[in-house]
Amino acid sequence: MKKLLSLALVLVLALSLAACGGSASYKIGIPNDATNGGRALMLLQDLGILTLTEGAGLSATENDIAENPYNVEIVPLEAANLPISLPDLDFAVINGNYASGAGIGDQVLVTEDAESVAAQTYGNVLCVKEGNENSPAVQALLAVLMSEEVQNWIADSYNGVVMPMGAQDLEIPEIAEPVSLNVGASPSPHAEILEYVQPILAEHNVELTITEFDDYVMPNTSLEDGSIDANYFQHQPYLDDFNAENGTHIVSVGTIHYEPMGVYPGKSDSLDVFSK
Amino acid sequence: MIEIEHLSKVFQDKNGRVVALEDVSTTIRDGDIFGIIGMSGAGKSTLLRCLCLLETPTEGRILLDGKDLSALRGEELRAARRRMGVVFQGYNLLMQKTVAENVAFPLKLDKYDKAAVAARVTELLELVGLADKAQSYPSQLSGGQKQRVALARALASNPGVLLCDEPTSALDPLTTQSVLELLQSINKKLGVTIVIITHELSVVQRICNRMVVIDESHFVEQGDTAAIFENPQSSIARLLLGKKEG
Amino acid sequence: MQAFIEEYGLLLLGGVGETLFMTLVPTLFAYVLGLPMGVLLTITKPGGIAAAPRFNAVFGWLVNILRSLPFMILMIFIIPLTRFIAGTSIGATAACVPLTIAAAPFVARMVEQSLEEIDRGTVEAARCMGATNWQIVTRVLLVESVPSLLRGLSISTITILGYTAITGAVGAGGLGNIAFRFGYQRYQKDLMYVTVVLLILLVCLIQGVFNLIARRADKRSR
């Protein structure tokens, strides 16, 4: 009996000691969920830090790394935990909103650019229920959001955490009588952007009401049942998934901005270590 | 010699005061086999618990060879406890230890010599007739055997007094007989004073030379066993004896 | 089947190792902390051998508060402590810190329960024999409760194994993490099922081993 316990103790201590072996490679943290993990790896690939296997694409994981010349160790963590784990990592690839939420937005070293596959795919869209795409109020909102003034404002206001898709010259329809438009949005940055365009829309006879939502289901269900006229909080892949799962009929009328992932410094503060 | 002087014990619980013992006094002489008899709830167990210092008296004193037990603390208290052996109705042995380890328990509480302890354990087990059960576990023993182990353990540190709380109440008549005989022989051979709490009249009659009758927290009668059995003064004693003869 | 093992064999082996590591090490330290805590909870109760009702009440509340914290929150909360002890807040070794701290109060309550089961008479007999409180704790309470403590150990170990699934959030790996990230999120159902089966096997193994030890250690059933 005592012998068994001593044996167990030795085993456990041995395991502890074995785990204490450290490694000398660079540790880069990425989000551990399917959507963002793949994006993070693609960003690292774009920066030339590693190469993914053919066809891995946006659902890549750390097991799909084909070439790893700098012997980087990928550490998948809960996305929201990446900022707080920076002191234990060399770098981390973090979603813009989590970074700005943690107050480290301005430390970003590099972000996805607007042309990248990730930005194009994950741009945030303005949505309406199928059939309402051409409503004058919605078209007015879209035009204002895509105007140069507003797109520039987005670029200037968020320090790279929120980036415009690129200005488009869209026609703002003439609206004779004031119409109301109720748009559901996430608090940041979507509702803030809407607040900025609210006075502009008022000049064009559209009275914009902003309804804030804290979750990612209700803006769509409220749109589907007509409680709101439009929503602005999700990206296209999420919308496609939601329509498929829930049988809803929501369509996007335009992509307004994207929230890039960025590489943030941890124990190391420059990506120059990765230049050959 | 044990002197109980005007002992009272009152318990305070949420339902109020419970008087377990009220102003009881008696003397237990060296070498006595002293019986304390009464119905359930009369105060017998409380008296024993006061004697072995599990409870402190609310009033009065208990003197062991002239020393006031209730005034003792810490190391002195522990030393006094080791001069008394206690045998419980439920045996209270360590189920996870062997018979030998159980008997050795009190001897290992202080610094000890391994060989001396082993020798003493063997001696004690022979005394109670369980030498061959030294490596058995209590779960393998009968009630009577367990009581003998408890007895051996109680005698381990050579106490001057043995306190027994209903030692035979859970045993069959034959086993009771043998345990009582053992107690008698211990009293004769080792000169140990024995105090027995019981509700069985036959036990008192068989081995106690002196006795006390408790009824509702009072000592209602006390003296030589033979005298009381012949001529019970108190109503409860008469009742008990009347019950027996009837 | 062959292809499956080739592709995932190493991943799963690593996962088993990590899960075992994150189960056994925190269990050990949880008992190092929780056993004395449980003893304290028991002996300071009103009527206990070292009764201290106010201390007992406050300490009991502390234990309850620690137990009420959702594990995920606790993990994040104590990151500074984790860094201090393990040098980092990520990985399996680091995860052992919050696992230990979450498990210790649970263990304390299990130990308390085991000690409560001991017959009061046994403790009183020890007091009558002149044992000190320390001797009562080490030679009576912890001796008589061994079979019950071992059964509690079985329950505690498996509970901690369950917690390890959440440690994926701090990059700790393990089977639960593999099942969730690769099996569920990436729709690799076969991987998910295999991971679950491995976890079931681990649990059965741990339960079986501890129960066997408990039975053989119990001197009451001979």
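Data table
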| quantity | calculated |
| --- | --- |
| Listed residues B:19, B:149, B:195, most fluctuating in chain B (Gaussian network, C-alpha, under 10 Å) | B:19 |
| Interchain or long-range residues, amide H under 5 Å from residue B:141's placed H | none |
| For the pair A and C, total buried accessible area rounded to nearest 100 Å², probe 1.4 Å | 2200 Å² |
| Approximate spin-label separation residue B:11-residue C:215, in nm, with each point projected 7 Å along Cα-to-Cβ | 4.1 nm |
| Shielding score for C:207-219, defined as the mean number of other chain Cβ atoms within 10 Å | 2 |
| Check: the stretch C:1-119 dipole with +1 on Lys, Arg Cβ and -1 on Asp, Glu Cβ, in debye | 540 debye |
| Whole-Hz couplings from phi, Karplus 6.51/-1.76/1.60, listed for the stretch A:230-243; x for Gly and Pro | 7, 9, 8, 6, 10, 9, 4, x, 5, 4, 4, 4, 5, 4 |
| Gyration tensor (alpha-carbon) shape descriptor, the stretch C:19-173, a/c threshold 1.5 | prolate |
| Karplus (6.51, -1.76, 1.60) ³J(HN,Hα), θ = phi - 60°, over the stretch A:159-168, in Hz, Gly and Pro reported as x | 6, x, 6, 10, 10, x, 6, x, 5, 10 |
| Karplus-derived 3J(HN,Hα), 6.51/-1.76/1.60, for each residue of the stretch B:225-239, Hz, glycine and proline x | 4, 4, 4, 5, 5, 6, 9, x, 8, 7, 5, 5, 5, 4, 4 |
| Principal-axis tilt of helix C:53-68 within chain C, Cα atoms, nearest 10 degrees | 10 degrees |
| Per-residue SASA entry for residue C:163, accessible area with 1.4 Å probe, Å² rounded to 10 | 70 Å² |
| Accessible-area value, residue A:104, 1.4 Å probe, nucleic acids and ligands omitted, Å² | 20 Å² |
| Above-threshold pairs, the threshold being 31 Å between Cα atoms, out of B:114/B:188; B:14/B:108; B:9/B:108 | B:14/B:108; B:9/B:108 |
| Heavy-atom SASA rank of A:177, C:116 (probe 1.4 Å, accessible area, largest first) | A:177, C:116 |
| Partner aspartates and glutamates for residue B:111 [C-alpha distance under 15 Å; skip if fewer than 8 residues away on the same chain] | B:75 |
| Number of partner chain Cβ atoms within 10 Å, mean per residue of A:87-93 | 3 |
| Neighbourhood charge, 13 Å Cβ-Cβ cut-off, centred on residue A:118 and excluding it, Lys, Arg +1 and Asp, Glu -1 | -4 |
| DSSP beta bridge pairing in the protein assembly as shown, given as percent antiparallel to the nearest 5 | 55 percent |
| Charge tally in the Cβ shell below 9 Å around residue A:46, where Lys, Arg are +1 and Asp, Glu are -1, residue A:46 excluded | -2 |
| Shape category assigned to the protein assembly as shown from the gyration tensor of Cα positions, a/c cut at 1.5 | prolate |
| Euclidean distance between Cα centres, the stretch C:139-200 to the stretch A:181-253, Å | 41 Å |
| Cα-based shape type of the stretch A:124-258, given that a ≥ b ≥ c are square roots of the gyration tensor eigenvalues and the cut on a/c is 1.5 | oblate |
| Candidate aspartates and glutamates for bridging to residue B:133, where Cα separation is under 15 Å - those fewer than 8 sequence places away on the same chain excluded | B:101, B:123 |
| 1.4 Å probe accessible area per residue over the stretch C:1-114, in Å² | 48 Å² |
| Heavy-atom accessible surface that C and B bury in contact, both chains counted, 1.4 Å, Å² to 100 | 2200 Å² |
| Computed [θ] at 222 nm, helices only, for the protein assembly as shown once each DSSP H run of length n ≥ 4 contributes -39500 (n - 2.57) | -14500 deg cm²/dmol |
| Accessible surface of the stretch A:124-258, 1.4 Å probe, proportion on carbon and sulfur as whole % | 45 percent |
| The stretch C:1-107, accessible surface, carbon-and-sulfur percent (1.4 angstrom probe) | 76 percent |
| Net charge, residue C:175 excluded, C-beta distance under 15 Å - Lys, Arg +1, Asp, Glu -1 | -1 |
| Accessible-area order (highest first, 1.4 angstrom probe) of the listed residues C:164, C:132 | C:132, C:164 |
| Relative contact order for chain C, counting Cα pairs under 8 Å that sit 6 or more residues apart, in percent | 26 percent |
| Average accessible surface area per residue within the stretch B:53-140, 1.4 Å rolling probe, Å² | 49 Å² |
| Highest average packing first - B:102-110, A:191-199, C:3-11, Cβ atoms within 10 Å | B:102-110, A:191-199, C:3-11 |
| Sequence of B:189, C:189, B:44, B:133 when ordered by accessible area, the most exposed leading, probe 1.4 angstrom | B:189, C:189, B:133, B:44 |
| Amide H contacts of residue B:163 (H built 1.01 Å from N, under 5 Å, at least 5 apart or other chain) | B:85, B:86, B:87, B:195 |
| Accessible surface of residue A:207 - all protein chains present, 1.4 Å probe, nearest 10 Å² | 110 Å² |
| Inter-chain Cβ neighbour average for residues B:82-93, partner chain, 10 Å | 4 |
| Occluded residues from the stretch C:100-131, i.e. those whose accessible area drops by 30 Å² or more once the chain is not alone (1.4 Å probe) | C:122, C:124, C:125, C:127, C:128, C:129, C:130 |
| Relative contact order (%) - the stretch B:92-158, alpha-carbon pairs under 8 angstrom, separation at least six | 51 percent |
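The values are calculated or read from the model by the stated rules, or taken from the named source; none is laboratory data. Given the structure is predicted, the values throughout are model-derived calculations rather than measurements. All Cβ positions, glycine included, derive from the backbone under ideal geometry; neighbour counts span all protein chains shown. Keep in mind that these areas ignore ligands, DNA and RNA; they rest on the heavy atoms of the full protein, side chains included. Shrake-Rupley method; radii C 1.70, N 1.55, O 1.52, S 1.80 Å.
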